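To start, the structure under review is shown below, and the notes come after it.
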Amino acid sequence: LSEMGEQRSLGELIVEMQRIFGARTLRTDTLYERLAGLPWRGALSLVWDDLGLDAFRGAVPDLIHIRAEDHDALRRSLSDESPVFIRGWGTLDLREEFVLSFDDLRRQLETRPEFREQLVYLLQDRCFLFVGTSPSSLREWLFTLDPYLDIREGQHFALVPASSENVLFERQLRQYGVDLIEYDPRENHAQVGEFVRALARAAPARVPRPP
């Protein structure tokens with residue numbers, strides 16, 4: 001991506017990323033659909049594509065799509081418990097919200113302090129399960145959000161591939177209340193799907209929101 005960014009303008013890069021991540025051939029993964037079927041209150045996306053958004057909208061049609069500029073809508077949803085899908089890593093839809101690096105994210109959060117404050121509040125008040133994010137990237141995202149944030153231990157969880165390198169991030173992530181759950185990455189990360197299916201069996205059924 002860095003080489004692509006150096007060789008193309010930002011506009012060309014965004015168009016190319018939209019082409020790649022909008023390809024219909026990518027829309028075959030059922031993991032998002034399984035996650036969307038859980039009784040969640042909101043979802044936080046740390047990727048560009050719309051696969052997750054499509055799956056969660058399929059499960060909850062009145063889902064509110066939140067980008068960095070939508071901090072007022074996010075504040076309202078927090079008060080009335082509306083289901084939300086939050087873009088924590090920018091979006092391909094808006095040029096000014098395209099995030100390619102943590103420096104880009106830092107600049108975005110500096111220009112949208114209300115959005116940053118609401119994300120911090122959610123991390124302090126809710127329980128998150130991070131899936132598909134490496135310990136190093138998760139630590140960097142949290143550090144970019146607030147380097148001094150201190151959350152009680154065991155409030156959040158991250159499902160990560162078992163690795164000897166995980167120990168390097170365990171202590172740092174505990175500052176943000178994140179405990180690592182390791183799985184065997186062999187067989188194309190099949191245990192991720194098994195974990196989500198087990199979680200779905202253990203979780204209570206989703207209760208439809210009243211009209």
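The values are calculated or read from the model by the stated rules, or taken from the named source; none is laboratory data. Note that the coordinates shown come from a computational prediction; the quantities given were computed from them, not determined experimentally. Reconstructed Cβ throughout: ideal geometry from the backbone, glycine too, with neighbour counts over all protein chains shown. Each accessible area value is taken on the protein alone, full model and side chains, heavy atoms only, with ligands, DNA and RNA left out. Shrake-Rupley method; radii C 1.70, N 1.55, O 1.52, S 1.80 Å.
Side notes on the structure shown:
- With contacts taken as Cα pairs under 8 Å at a separation of at least 6 residues, the range 142-211 carries a relative contact order of 31 percent.
- Percent carbon-and-sulfur accessible area, the range 125-211, ignoring ligands, DNA and RNA, probe 1.4 Å: 52 percent
- Estimated from the Cβ-Cβ distance and a Förster radius of 35 angstrom, the FRET efficiency linking Glu110 and Asp184 is about 0.30.
- Modelled this way, with points 7 Å down the Cα-to-C-beta line, the labels at Ala202 and Asp103 are 4.2 nm from one another.
- Additional length obtainable on full extension of the chain from Val47 to Glu165, 0.36 nm per residue less Cα span: 40.2 nm
- When the alpha carbon coordinates of the range 143-199 are projected onto the principal axes, the ranges are 38, 25, 18 Å, largest first.
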